[in-house]
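> This is the structure, below, for whatever I ask next.
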Amino acid sequence: MTTIPVRDAVGTVLCQDITRIEPGKSKGPVFRKGHVVRAEDIDILLSVGKEHLYVYEPRAGLVHENDAAERIVAAVGGKHLERTAPKEGRIDLKAACDGLLRIDVPTLTAINSLGEITVATLHSLHFVNRGRAVAGMRVIPLLIEDAKLQAMERLVTGPVIEILPLKSARVGVVTTGSEVYSGRIQDAFGPVLKKKFAALGSTVMGQMLTNDEERMTAEAIRTFLAQGADMVVVTGGMSVDPDDRTPSAIRASGADILSYGAPVYPGAMFLLAYAQGAAGRVPVLGLPGCVMYHKASIFDVVVPRLLAGLELKAEDIIALGHGGFCSQCPECHYPVCPFCK
């Protein structure tokens, strides 16, 4: 690769995209790799600060940035992803369906530790909609040693980036509270849950209202399990007041409680259990009241993982504490968003 003055470049072939930045307006390539420089291009190239251009001379052992990006995306890309064409040496991956983004974080870290190779992604294990960009990759130099790309390829033993489609689940909802059961107040939890599950491709198969008696709530849970529910969620009674008996009712139903309490705000009083039902091993969730009135909460973190087929353990709930605070900023509405201020 040699350098020539731009005024002497007429007739040469660009070996990289040339970027033009208009502050406050746009940023993008004014000429693409492979463009043959014309006399009328010289003033434009000078206006974007290009007084010299690289002339690409292929050499053994070196790989151009666009070809390197192709190698990276071929190595790290998994199922249910769509890719963009190379642009300024970079290729992006987008979700090809709604689902859970899963990143092999140790392998991603090892790749980025090689130097000169960069792969950036959204946070792992969050729900993403179809079409959302989830990762981008490129190399830093214009030409990179092939040996470094080979080292990257040796690190990969499975998909580093993939989308897990969500299962369409039949969900049983048990709403506790004597005030709702007696009709003194109207239930507000049911409509919220129906909307949330519908957005994830699942349906509420039914809702049962119970008072604060442990026996009644436990029986409602067992009824949904026997009817083939893929998930049972119990709302209300998750706090520490004397009438809050939902955790004991879930235990009385025969469910095995793995975790009560989560380092996620809003959602600290969340409960995770599993029970045997007609549909097999079924998650039973105790949902705190915040799920009803917060746009993003523990529900939006945990439920997509369960619908993606992940069986969570107590340590998985504990691990949510890293990044488990969301201030509910109106700009993003993204669960445990790292950019919330």
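> Compute a Gaussian network model of the chain, connecting alpha carbons closer than 10 Å, and tell me which residue from 111, 140, 221 fluctuates the most.
Among 111, 140, 221, the largest mean-square fluctuation in the Gaussian network model of the chain belongs to 140.
> Taking the Cα centre of the chain as origin, sum charge times position over the Cβ atoms of Lys and Arg (+1) and Asp and Glu (-1), and report the length of that vector in debye to the nearest 20.
In total the dipole reaches around 500 debye.
> Based on DSSP H runs of at least 4 residues, each adding -39500 (n - 2.57), what is the mean residue ellipticity at 222 nm of the chain after dividing by all its residues, to the nearest 500 deg cm²/dmol? Show your work: numbers first, answer last.
Numbers: 11 runs with 91 residues, N = 341.
Theoretical 222 nm ellipticity from helices: -7500 deg cm²/dmol.
> How far is the Cα center of the stretch 145-201 from the Cα center of the stretch 91-111, in Å?
So the two Cα centres are separated by 17 Å.
> Sort 238, 205 by accessible area with a 1.4 Å probe, largest first. Mind dumping the intermediate values first?
Values: 238 10, 205 55 Å².
Solvent-accessible surface, decreasing: 205, 238.
> Rounded to the nearest 10 Å², what accessible area does residue 251 have for a 1.4 Å probe in the complete protein model?
Surface accessible to solvent at residue 251 totals approximately 140 Å².
> Nothing charged except the Cβ atoms of Lys and Arg (+1) and of Asp and Glu (-1): what's the magnitude of the dipole of the stretch 127-213 about its Cα centre? Round to the nearest 20 debye.
Values: 11 positive and 8 negative charges, 67 e Å.
Here the size comes out at about 320 debye.
> List the longest stretch of the chain that has no exposed loop site; here a site is one of the GluC sites (Glu not before Pro) assigned by DSSP to anything other than H, G, I, E or B, with at most 11 other Cβ within 10 Å.
On the way: sites that count: 51, 311, 331.
That would be 52-310.
> Here's something else I'd like to know. Heads up, I need the accessible area for residue 259: 1.4 angstrom probe, whole protein in place, Å², nearest 10.
About 10 Å², rounded to the nearest 10.
> Okay, next question. What order do 152, 292 take when sorted by accessible area (1.4 Å probe), most exposed first?
Details: 152 0, 292 70 Å².
The ranking, largest first, comes out as 292, 152.
> Can you compute the modelled spin-label distance between residue 51 and residue 4, with each label point 7 Å from Cα toward Cβ, in nm?
If labels sit at residue 51 and residue 4, their model points lie 1.9 nm apart.
> Whole number please: convex hull volume per residue of the Cα set in the stretch 103-156, in Å³? Intermediate results must be reported in sequence, preceding the final value.
On the way: hull volume 4.7 nm³, N = 54.
Expressed per residue, the convex hull around the Cα atoms of the stretch 103-156 is 87 Å³.
> Could you give P(r) for the chain, binned at 20 Å from zero, as whole percent values over all Cα-Cα pairs?
26, 42, 23, 10, 0
> Further, regarding this structure: Place a +1 charge on the Cβ of each Lys and Arg in the stretch 162-262 and a -1 charge on the Cβ of each Asp and Glu, then give the dipole magnitude about the Cα centre in debye, rounded to the nearest 20. Let's see the in-between values first.
Working: 10 positive and 12 negative charges, 83 e Å.
For this selection, approximately 400 debye.
> I've got another one for you. What FRET efficiency comes out for the pair residue 84/residue 276, r = Cβ-Cβ distance, R0 = 41 Å, nearest 0.05? Intermediate results must be reported in sequence, preceding the final value.
Details: r = 46 Å, r/R0 = 1.11.
Calculated value: 0.35.
The values are calculated or read from the model by the stated rules, or taken from the named source; none is laboratory data. Only a predicted model underlies this, so the values are computations on that prediction, with no experimental measurement involved. Ideal geometry is used to build each Cβ from the backbone, glycine not excepted, and the neighbour counts take in all protein chains shown. With ligands, DNA and RNA removed, areas are computed over all heavy atoms of the protein, side chains included. Shrake-Rupley method; radii C 1.70, N 1.55, O 1.52, S 1.80 Å.
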